[in-house]
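> Shown below is the structure under consideration.
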Amino acid sequence: MTPRQRKEASTRLYASAVAQARMPAFYAWAGIPDTLDGRFEMLVLHVYLLLRRLKAAGEDAAALRQTLVDAMAADFDANLRELGAGDLGVGRRVTGMVGAFLGRVAAYDIGLEGSNDVLREAIERNAFGTVPPPPLGARRIADYVRQSAAGLAAQPSAALMAGQVEWMPIEQGGVGR
């Protein structure tokens with residue numbers, strides 16, 4: 001994969017994560033706060049799911065994973081500037097946001113490897129960190145994450161490497177209940 005192909009693929013993957021994270025059902029059906037914090041949490045959750053899947057694609061995907069993280073950091077930078085953050089503080093804030101993302105990666109990895117309660121607790125701490133979770137909210141997101149991880153695992157690595165991803169509908173299976 002050439003650097004140009006990798007950048008194009010990461011741009012498509014990142015755009016798909018942004019679009020999925022903005023789905024209104026996360027905010028209405030699961031109760032994720034429709035705030036900058038809540039939207040950040042849904043975005044990093046979806047980028048995490050992509051990175052987790054790409055990790056399973058082997059060494060060929062390592063550079064794409066890094067390019068995807070770089071795309072996310074560049075988007076954080078652009079959004080902070082759009083919101084009026086001063087030039088001197090943007091780099092420090094982006095570093096903090098990427099650090100928060102890495103903390104979520106560790107928590108969600110432990111959650112997906114553990115029980116549903118462990119994953120739900122990680123989601124409560126992170127996605128609902130600024131507000132108390134509504135009844136069923138964290139469970140719904142945990143179910144969605146587990147089913148999304150399985151759905152992504154079933155997608156061909158070649159498609160993902162080309163920047164093609166199909167997200168699970170939010171209310172598919174038992175997730176919508």
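The values are calculated or read from the model by the stated rules, or taken from the named source; none is laboratory data. These numbers come from a predicted model, not from an experiment. Note: ideal-geometry Cβ built from the backbone for every residue, glycine included; neighbour counts use all protein chains shown.
> Does residue 2 fit the bill of being loosely packed, with under 15 Cβ neighbours inside 10 Å and either basic (Lys, Arg) or touching a residue at least 40 places away in the same chain (Cβ under 8 Å) (or both)?
It is false that residue 2 is loosely packed, with under 15 Cβ neighbours inside 10 Å and either basic (Lys, Arg) or touching a residue at least 40 places away in the same chain (Cβ under 8 Å) (or both).
> Regarding residue 142, is this residue within 14 Å of residue 48 (Cβ to Cβ), of a type outside the set (Lys, Arg) and out of contact with any Asp or Glu (no Cβ under 8 Å at 6 or more places or on another chain)?
Considered against the rule, which asks whether it is within 14 Å of residue 48 (Cβ to Cβ), of a type outside the set (Lys, Arg) and out of contact with any Asp or Glu (no Cβ under 8 Å at 6 or more places or on another chain), residue 142 comes out as yes.
> Quick check on the range 129-171: of everything there that is more than 30 Å from residue 2 (Cα to Cα) and of a type in the set (A, V, I, L, M, F, W, C), which residue is nearest to the chain's Cα centre (by Cα)?
Checking each candidate, the answer is 145.
> Of the numbered conditions (1) under 15 Å from the mean Cα position of the chain (by Cα); (2) surrounded by fewer than 17 Cβ atoms within 10 Å (Cβ to Cβ); (3) at pLDDT below 95; (4) in a loop (DSSP other than H, G, I, E, B), residue 106 satisfies every one except a single condition; which is it?
(4)
> Return a yes/no flag: does the range 113-134 have any residue that is exposed (fewer than 15 other Cβ atoms within 10 Å of the Cβ), among the hydroxyl-bearing types (Ser, Thr, Tyr) and touching a residue at least 12 places away in the same chain (Cβ under 8 Å).
Among the residues of the range 113-134, at least one is exposed (fewer than 15 other Cβ atoms within 10 Å of the Cβ), among the hydroxyl-bearing types (Ser, Thr, Tyr) and touching a residue at least 12 places away in the same chain (Cβ under 8 Å), which makes the answer yes.
> May I ask you to list the residues in the range 72-94 that are at pLDDT 70 or above and either closer than 21 Å to residue 42 by Cβ or surrounded by 15 or more Cβ atoms within 10 Å (Cβ to Cβ) (or both)?
Those that are at pLDDT 70 or above and either closer than 21 Å to residue 42 by Cβ or surrounded by 15 or more Cβ atoms within 10 Å (Cβ to Cβ) (or both): 72, 73, 74, 75, 76, 77, 78, 82, 93.
> Can you name the condition, by its number, that residue 50 falls short on among (1) at pLDDT 85 or above; (2) more than 19 Å from residue 12 (Cβ to Cβ)?
Among (1) at pLDDT 85 or above; (2) more than 19 Å from residue 12 (Cβ to Cβ), the lone unmet condition for residue 50 is (2).
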